Structures are given as C-alpha cells and as structure tokens.
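First comes the structure, then the notes that go with it.
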Amino acid sequence: MRRTLFCVLIVCVIVAFLIGYEAKKNVEIVIVNQTIAASASPSAVPSAAVNKEVFAQVLLKLPAVDREGNGTLADLTVEASSGSGKIFIGFSKGSPLLNTDTQDSIQTALRIARKITSEALDDKDLFYTITAESDVVGGKSAGAAVTVGTMAVVLGEKLKSSAVITGTIEEDGTIGQVGRIFEKAKAVKSAGFTTFLVPQGEAVERVPFETCREQRTATQVIRECVQQFREVDVAKETGLNIVEVANVYDAYALMVEK
C-alpha cells in the first residue's frame with residue numbers, strides 16, 4: 001500500500017513539473033542586426049529573417065529615458081509571417097533594448113498572446129524590430145507594448161495611432177510600474193500623441209528638483225543645493241490624456257481600433 005502511494009506521488013510530481021515546464025518553456029529567439037543583414041552572407045543570417053513574406057504588421061512607439069534623463073521614443077515593429085514558431089529580434093541603431101529583460105518580456109508576451117487568442121503560433125514566425133538611439137535605456141518597460149503589439153498581429157487587428165503605452169508585463173497579464181512617467185510623457189506629447197497608457201498609480205508622480213542658495217564672501221561663492229520632491233499630475237502638466245491600466249486586457253481594449 002505504501003509503495004503504491006509513493007508511486008502515485010512520484011507520478012503526480014512528474015506531471016506537475018511537465019505542466020509547469022510546458023507553460024513556462026521558451027521558444028527560440030534569433031537576434032538579427034538588420035544594419036548588416038543586407039551584406040551578410042546567407043550562412044550568417046537566417047533566411048527567414050531576410051526573405052520573410054509578412055501577412056500582418058503593427059507599429060508602436062516605446063517610451064524610454066536616455067542616459068541624460070530625457071524622455072525619448074524608440075520604434076517597435078511587430079510582424080508575422082508563415083513559419084515554424086521562431087522569433088526574430090532585429091535592431092538598426094545600437095542594441096541596449098535587446099538585453100535579457102527585453103527577451104524575457106517578449107517570451108512573456110508570447111505566452112499571454114497564446115492564452116488570450118487561443119493561437120498556438122507554431123505555424124508562424126514573429127519578427128520584432130527595434131529602432132533606437134544607442135543611449136536609450138530600456139528593457140522590461142517595453143513589456144506591455146510588446147504584448148499589445150503581439151496580440152494585434154496575431155489577431156490581425158489595427159492599433160490606434162494616437163495612443164502609446166508603457167509598463168512591464170507579468171505572467172498573469174498584470175502591467176507593472178516603470179517610473180519616470182513624467183519625462184516619458186513629455187516625449188510622447190512632443191511626438192504628437194494624445195493618449196498615454198501608464199501603469200496603475202503612476203498618473204501622479206513624485207518628481208525630484210533642486211533648490212539652491214548662494215553665499216558670497218570676499219574670496220569665494222559657496223553654493224548649497226538640496227534635492228526635494230514635488231507631486232506632478234502628469235495629465236495637467238503635459239496636456240495628455242493619461243489613462244491608468246491594470247492589465248494587458250484593459251490596455252488592448254483601449255488601444256485597438258474598433
């Protein structure tokens with residue numbers, strides 16, 4: 001009896017492990033530098049990345065902050081073609097966004113897209129192209145945009161040209177906070193967008209600023225600065241329509257063209 005129970009427990013553990021592995025397993029990702037793809041030898045670049053026949057395409061902007069602390073926008077293109085379930089990531093200016101955080105976000109986006117759309121994606125190849133200046137700082141903050149773009153491509157739907165989104169993406173579809181919303185929002189506004197989707201709790205942000213005073217003596221000027229914070233209502237400061245979203249389901253409903 002004990003032996004039977006022990007065997008049953010072992011089987012249950014193995015089954016649970018396999019189910020968890022299936023849910024979390026990653027697909028193959030191929031990094032392709034598109035600036036050299038045209039001149040590279042056929043053996044150096046996968047043919048699918050060069051000779052793809054695209055049947056769906058979505059363009060998005062990725063809000064980011066550069067190394068000087070200024071808001072900026074990178075370009076993200078998501079394309080789908082017939083294939084065997086491979087993922088290609090291309091870039092044309094630098095590669096800071098193509099780190100492990102970005103790849104993890106894409107893996108999570110694919111799992112969520114499969115779940116929401118009930119698409120296996122095994123008969124499709126997906127191509128993610130990021131165009132960014134070399135000093136753009138990014139990674140996980142692109143997760144929500146990547147997920148929305150993947151869903152749109154898989155479902156064959158168009159996204160609104162007036163909206164931009166930022167936020168991380170979790171396995172349950174939750175959109176997580178990223179910070180620096182005010183700086184990103186200024187870049188979004190300057191680019192002509194009207195709606196900025198942000199994680200919950202980030203429509204109002206504590207922004208640092210310095211107050212300084214000078215004391216002059218006969219021989220020198222002594223300058224003392226203290227960093228303080230003020231609360232910024234991003235919508236009022238930028239004139240954008242700031243919408244807080246808790247998950248990718250709500251975000252997609254707001255970004256997709258009706």
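The values are calculated or read from the model by the stated rules, or taken from the named source; none is laboratory data. Not measured: the values here are computed from a predicted model. Glycine also receives a Cβ, built like all others from the backbone with ideal geometry; neighbour counts cover every protein chain displayed.
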Look through the range 132-141, keep the residues that are in contact with a Gly (Cβ under 9 Å, 6 or more places away or on another chain) and either at pLDDT 70 or above or not in a strand (DSSP E or B) (or both), and return whichever of them is farthest from Ala80 (Cα to Cα). Asp135
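Each row is one residue, and each column tells you yes or no for (1) part of a loop (DSSP other than H, G, I, E, B); (2) of a type in the set (A, V, I, L, M, F, W, C); (3) closer than 20 Å to Ala152 by Cα.
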| position | (1), (2), (3) |
| --- | --- |
| Lys184 | no, no, no |
| Ala187 | no, yes, no |
| Val198 | no, yes, yes |
| Glu210 | no, no, no |
| Tyr249 | no, no, yes |
Out of all the residues in the range 159-181, is one or more under 20 Å from Val78 (Cα atoms) and free of Cβ contacts under 8 Å to residues at least 60 places away in the same chain? yes
Selected residue (only one of Val78, Val146 is hydrophobic (A, V, I, L, M, F, W, C), at pLDDT 90 or above and not in a helix (DSSP H, G or I)): Val78
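Results for (1) more than 17 Å from the chain's Cα centre (by Cα); (2) crowded, with 17+ Cβ neighbours inside 10 Å; (3) of a type in the set (D, E, K, R), shown as yes or no for each residue.
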{"site": "Ile165", "(1), (2), (3)": "no, yes, no"}
{"site": "Glu171", "(1), (2), (3)": "no, no, yes"}
{"site": "Phe182", "(1), (2), (3)": "yes, yes, no"}
{"site": "Ser190", "(1), (2), (3)": "yes, no, no"}
{"site": "Arg223", "(1), (2), (3)": "yes, no, yes"}
{"site": "Val226", "(1), (2), (3)": "yes, no, no"}
{"site": "Ala235", "(1), (2), (3)": "yes, no, no"}
{"site": "Ile242", "(1), (2), (3)": "yes, yes, no"}
Can you confirm whether the range 237-251 contains a residue that is closer than 15 Å to Val65 by Cβ and of a type in the set (D, E, K, R)? no
